[in-house]
Amino acid sequence: MNDLTDIRELKGIGDKIADLFNKVGVFNVGDLLNYYPKAYDLYEEAVSIKDAAINSRVAVIGTVKNDPTVMKLHGRIIVSFYIYDEYGTIEVKYFNAPYMAKAVKKGDKKVFRGFLKQLKGRVILNQPKFYDLSDYALLENTIIPVYHLTKGLSNERIGKAVKLALSSYTFPDDYLMPEETDKFKLLEISEALKNIHFPINKEKQFFARRRIVFDEFLEFLMGLHEEHREEKSIDNPYKLIEVSDTKRLEEALPYALTNAQKRVIREIFDDLSGEYVMNRLVQGDVGSGKTIVSVMALLMNAANNFQGAMMAPTDVLARQHYNSIKALTDRYKLCIKPVLLTGKMSSKEKKEALQMIESGDANVIVGTHALFQEKVNYKNLSLVITDEQHRFGVKQREALRDKGITPHILVMSATPIPRTLAIILYGGISVSVIDELPKNRVPILTAVVNEKFREKSYEKILEEIKKGHQAYVICPMIEESEEDVLMLKSVSEHASDLKEYFGDSVRVGVLHGKMKPDEKNRIMEDFKDKNYDILVSTTVIEVGIDVPNATVIMIENAERFGLSQLHQLRGRVGRGEYESYCILMSDSKEDTTLKRLNILKDTLDGFEISKKDIELRGPGELNGVRQSGELEFGLGDIIEDRDILSLVQENLPMLLLRKPKLKGKLIDFRSI
């Protein structure tokens with residue numbers, strides 16, 4: 001059995017089950033073995049009620065005190081009952097699962113495993129699975145992989161298929177020598193694949209992941225090498241001359257540009273007027289003032305009678321950029337003539353925008369991917385500005401070249417990537433860093449707290465709401481389900497808890513990635529317009545709209561996020577003139593985890609956070625997927641795993657000589 005063996009050849013997988021695997025991108029054995037767990041479930045020791053930790057997943061031994069009751073509340077069916085032992089009593093709740101009313105009865109003694117929380121003095125075990133005592137004894141201290149699922153495809157089904165594949169798979173010879181795996185601290189590839197799916201212990205999982213990430217980064221860098229990513233310098237067809245417009249704007253602004261902003265603007269201007277087309281990455285931490293740097297580039301470009309385009313990842317963010325640029329234009333009488341172009345506009349609005357672009361009546365075009373559709377005809381586009389979520393890739397560049405356009409490229413990034421790492425990732429691109437925050441930036445006060453401080457945290461949120469401000473509450477899941485054994489704080493459940501806690505006087509909105517784009521845009525706009533006091537959301541707000549009125553962000557299960565991502569989330573507040581607060585909620589007992597979270601308390605410098613985070617990393621925690629999301633690797637994360645990326649880069653000449661066979665799934669990361 002090899003990579004190309006059809007999934008149907010595994011015992012027990014017929015057409016119906018194969019169709020479910022196909023839905024998650026698994027068509028053959030190679031796909032299956034590379035379908036890595038999203039996380040791991042370590043079955044903890046079953047404990048008594050007095051030893052069960054609040055705000056964490058627990059396995060509690062208890063006896064059912066009463067027959068389950070069924071009630072309807074806020075449109076949801078709730079099944080509840082109590083369990084007890086000699087030390088106390090816990091309330092058990094199931095949502096929209098009426099069948100649970102007959103699953104247990106008074107007097108049953110079981111192990112109940114679920115998420116334990118406390119709300120207004122009540123201790124509640126949410127959505128627990130339950131086991132006979134003897135069955136759970138066999139599970140204690142085992143590590144079970146948790147996969148991304150689709151309806152009809154269970155975790156057990158995927159695990160069983162992976163075990164079958166591993167047992168009959170013919171592993172290729174490892175391209176690394178034994179002395180090299182020892183030197184690089186890597187497992188042999190067959191051992192790595194087995195332990196990434198079914199780790200013997202935490203340490204084995206750590207080193208299994210390290211080996212697979214090594215291979216992913218090697219595949220990526222080989223791809224760049226094979227596709228000649230480092231482009232030769234292109235002669236500059238748009239040599240701009242410096243104009244007084246930019247200096248007048250700088251002097252008119254109500255704040256002084258930082259020295260870092262001035263330095264980066266100088267580097268951009270030198271590129272725009274230089275011998276070759278600009279290809280520059282500008283890195284700036286959250287709140288460092290990247291937007292005004294972009295505006296300066298667009299202004300110089302417009303003053304030279306050329307068009308500039310600015311691409312954003314979402315309709316909402318594009319509109320925000322457009323409104324900001326238009327406000328600056330109107331206030332300071334700039335020579336910029338902006339127009340907005342997104343997929344959400346009406347046919348009439350799009351037609352008018354397209355006419356302005358083609359005629360040159362618009363010299364700054366702000367939008368989403370719509371900017372590079374075939375029907376968009378630019379008069380003289382010479383500058384394209386994008387952000388890290390939509391780096392200007394090969395496909396867009398080729399589309400413009402087909403129209404006879406070779407623009408200057410400026411990529412803006414808020415991800416704190418060290419310069420050496422950025423050069424690896426972006427090839428021969430020039431790198432600028434805005435490493436200074438504006439002096440008027442209000443510091444964000446950060447606290448790392450556990451469940452004992454939940455009431456005080458809510459009091460702080462209410463205090464800010466009474467001042468007329470708003471708050472974010474961030475959860476790592478959308479909703480809890482029977483199949484999701486991690487039982488982290490969910491958006492839907494937490495929104496219900498907040499409504500119950502604060503009552504009708506506080507307006508709570510809900511936002512998550514599974515909503516339709518129009519609904520997400522509406523909710524984000526409603527929050528910006530102060531129609532909600534609290535927005536309960538997933539990380540979809542990480543690159544969201546600018547809401548200066550939001551002064552508190554509370555992040556549930558903070559230990560589940562990477563530090564860089566937490567830093568980005570924290571940057572959603574502190575964007576106005578008011579003192580702002582970030583509350584990191586975690587009941588983790590791991591010393592390394594708490595040290596990591598406290599890094600955020602001690603500094604607001606994203607580059608320093610990234611550096612210290614790497615220093616603390618080790619085989620102490622089970623880590624399933626990448627966290628920062630900079631590139632779409634299966635497991636690798638360029639921030640969390642930058643030591644591995646550097647290791648691959650250092651040894652690339654030697655590894656290229658081996659030419660290990662690529663998996664045939666090479667992604668053109670540049671076209672994201």
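Quick check for segment 136-217: number of Lys pairs with alpha-carbon distance under 16 Å, counting only pairs 8 or more apart or on different chains?
For segment 136-217, the number of qualifying lysine pairs is 6.
Among DSSP beta bridges lying fully in the chain, give the percent that are antiparallel, nearest 5. Present the calculation step by step, with values, prior to reporting the outcome.
Details: 38 of 93 bridges.
If we restrict to bridges inside the chain, about 40 percent are antiparallel.
Which order do peptides 641-651, 495-505, 133-143 fall in by mean Cβ count within 10 Å, highest first?
Values: 641-651: 18.8, 495-505: 14.9, 133-143: 12.5.
Highest-to-lowest ranking by the protection proxy: 641-651, 495-505, 133-143.
Under a Cβ-only charge scheme (Lys and Arg +1, Asp and Glu -1), can you give me the dipole magnitude of segment 444-603 about the Cα centre, in debye to the nearest 20?
In debye, rounded to 20, segment 444-603 gives about 520.
For the chain, what is the mean residue ellipticity at 222 nm derived from helices alone (per DSSP H run of n ≥ 4: -39500 (n - 2.57); sum divided by total residues; nearest 500 deg cm²/dmol)?
After summing the helix terms and dividing by residue count, I get -11000 deg cm²/dmol.
Please report the net charge: other residues with Cβ closer than 11 Å to the Cβ of Q307, K and R +1, D and E -1.
0
Please give the peptides 300-309, 111-120 ranked by average Cβ packing (other Cβ atoms within 10 Å per residue), highest first, as a rough proxy for protection.
Per-residue Cβ counts within 10 Å, averaged per peptide and sorted highest first, yield 300-309, 111-120.
Checking the a/c ratio against 1.5 first, then a/b against b/c, what shape does the Cα gyration tensor give for the chain?
oblate
Can you classify segment 444-603 as rounded, prolate or oblate using the Cα gyration tensor, where a ≥ b ≥ c are the square roots of its eigenvalues, rounded means a/c under 1.5, and otherwise it's prolate if a/b beats b/c and oblate if not?
On the way: a/c = 1.39, a/b = 1.14, b/c = 1.22.
The shape class here is rounded.
As a quick test, which of the pairs K239/K326; K16/K117; K110/K456 have an alpha carbon distance above 29 angstrom in this structure?
K16/K117; K110/K456
Given contacts defined as C-alpha pairs under 8 Å and at least six residues apart, what's the relative contact order of the chain, whole-number percent?
13 percent.
Taking a cut-off of 12 Å between Cα atoms, list the aspartates and glutamates near K38, but don't count ones fewer than 8 places away on the same chain.
D484
We did not get these values from a lab; they are worked out from the coordinates using the rules stated. Not measured: the values here are computed from a predicted model. Note that each Cβ is placed from the backbone with ideal geometry, even for glycine, and that neighbours are counted across all protein chains shown.
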